[in-house]
Amino acid sequence: MKTNKDMTVYVAMSGGVDSSVVAGLVKEAGYNTIGVTMCFNITHNDGKASCCGIDGIADARRAADILDIPHYVFNFAADINDYIIDNFTSEYLNGRTPNPCVRCNQHLKFGTLYQKVKALGAEYLATGHYGKIEFNPQRNGHELKKAADPKKDQSYFLYSMKKETLPSVMFPLGGLTKPEVRALARKFNLNTAEKPESQDICFVPASGYKKFIENRLGPEVMTPGPFVNEEGQIIGQHKGLANYTIGQRDKLGIALGHPVYVFKMDRMTNSVHVGHLSRLYSGGLKASAMNWLSIEIPQETIEVRLKIRYNSPEVKACLTPVGRDSVRVEFTEPQKSVTPGQSVVFYDGDVVLGGAVIDEALACPDEKLALADIK
C-alpha cells in the first residue's frame, strides 16, 4: 500500500488564503505536493482584483515559494470562454439568471483541470472548497457532504462534480472554520494570511455584469421591450431582459402607485412580467441537467431537503425523476422567487444527493398560497 510520501497531490491555488492553506496542509501530511493555478487571462482596468488574474497568480506563486513546493500555471483562457462566459451571457440574454461558479467547478476545476493533473500522475486534486468527501460503506461509494461550518459550506456549488471524481478529490478545509484557516495561514507564515475574501464573479469587472455583457456583445443586445402586468396589459418599456431577475422590485423604472415585482421573463416576446408579491410564490419547479452525485437515480418519488439558491434556507420537498436528466419538484410549502438558470440542490441530512438547473417555476395551488408568509 502506498504511503503519503509515495502519492502526488496537485493543489489548485487561486492566490487566496484558503487554497494556500490547503497546500500547507497537504505538504504537512507528507504528500508530494505541487501547486497549480488556472490562468484565465482576465485583467480589470478598474482596480478590481481577479482570483485567477495576474495578482492572484503572483500570490499563489509566492505562497508556493514559502511552502517550498513546485508551482505551475495552466492557461485556461479558452476554457473559461467556451464553458463559462459564453453560457453566462447567453443565459442573461434569454431572461435566465446563471450561476457561473457551479459551471466553473463542473467544467474547469473538476473537469479540465482534474483531467490534466490526473494525466500528469496525480493521485489527488486538492482544492480550498469548504465541503467533505467521505466513503459510505452502506452505499459502497463516496459522498459529497456539507462542510462542518455552515457559514462557509460550499456544497451548493459542488453538486455538479462527476461522481467518478470524488475518490480522487481532497477538501482539507471541510472540517475547519475560517478563523482556524487564518490561524493555519499564520502558522505557515503565508503571504495570504490576511488577504480579504472575494465574493464576486472573477471575470465581471467592478462596473457589473450588465456593462460586461454590453461590452462583450455590443449595446444592441439590450433590446427594449414591454413591461406587462398581471392582466396582460403593457404598462411601460424595459431596457433589455439582462437588466432584470425574478423577484426584482427596485430600479424597474415604472411608477404604478404600488409595488410590483418581476415574476416572469419571456424571451419569445421579449417581455418582463410584473405583479403582486404573491406572483413570486411557486408550488414547485422543473429542472434539467440533473447530476445524481451521491446516489443512483431513484425509481420513485423521494422526500428531500433542497436549496433553490446558495443563500436560501433548506426546505422540504418531494422529488420525482423524469428520465435520466430531469426532475420535477413539489414543495411542502410555497417558495419565493424560483429563478430559471439558478441551481436547485438536493440534500439528505448533510449528504448532497445531486442538483439540477431550474427551468420553470410551477404554479402554486390557491390553498397552499393562502398559507404562504406574504406581507
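For residue 302, neighbours were defined as the other residues whose beta-carbon sits under 13 Å from its Cβ, and their charges (Lys and Arg +1, Asp and Glu -1) total -2. For the chain, with all protein chains in place and a probe radius of 1.4 Å, 49% of the accessible heavy-atom surface sits on carbon or sulfur.
Relative to the dominant Cα principal axis of the chain, helix 54-67 is inclined by about 30°. Matching the structure-derived Rg and Dmax of the Cα atoms in Å against the labelled list (i) 21.3, 70; (ii) 21.7, 81; (iii) 22.2, 73 gives the label (iii).
Among the listed pairs 5/27; 152/211; 118/145; 239/286; 239/264; 152/195, give every one whose C-alpha distance is greater than 19 Å. If you can, show how the numbers build up before the last one.
Numbers: 5/27 9 Å; 152/211 30 Å; 118/145 23 Å; 239/286 28 Å; 239/264 15 Å; 152/195 16 Å.
Check vs 19 Å cut-off fails for 152/211; 118/145; 239/286.
With angles folded into 0 to 90 degrees, how steeply does helix 17-28 sit against the dominant principal axis of the chain? Use alpha carbons for both and round to 10. Rounded to the nearest ten degrees, it is 30.
Place a +1 charge on the Cβ of each Lys and Arg in the chain and a -1 charge on the Cβ of each Asp and Glu, then give the dipole magnitude about the Cα centre in debye, rounded to the nearest 20.
On the way: 43 positive and 42 negative charges, 101 e Å.
With Lys and Arg at +1 and Asp and Glu at -1, about 480 debye.
Helix-only arithmetic for the chain: the sum of -39500 (n - 2.57) across DSSP H runs with n ≥ 4, divided by the residue total, places the mean residue ellipticity at 222 nm at -5000 deg cm²/dmol. Annotation: lysines with alpha-carbon distance below 17 angstrom to residue 151 (same-chain offsets under eight excluded): 132, 178, 307.
Once the Cα-Cα distance is subtracted from the 0.36 nm per residue extended length, the residue 220 to residue 237 segment shows a gain of 4.6 nm.
Over the chain, with the other protein chains present, what is the accessible area per residue in square angstrom, probe 1.4 angstrom?
48
Rounded to the nearest 10 degrees, the angle from helix 178-187 to the longest Cα principal axis of the chain is 30 degrees.
The values are calculated or read from the model by the stated rules, or taken from the named source; none is laboratory data. Not measured: the values here are computed from a predicted model. As a convention, Cβ positions derive from the backbone with ideal geometry for all residues, glycine included, and neighbour counts pool all protein chains shown. The accessibility values were calculated without ligands, DNA or RNA, using every heavy atom of the protein model including side chains. Shrake-Rupley method; radii C 1.70, N 1.55, O 1.52, S 1.80 Å.
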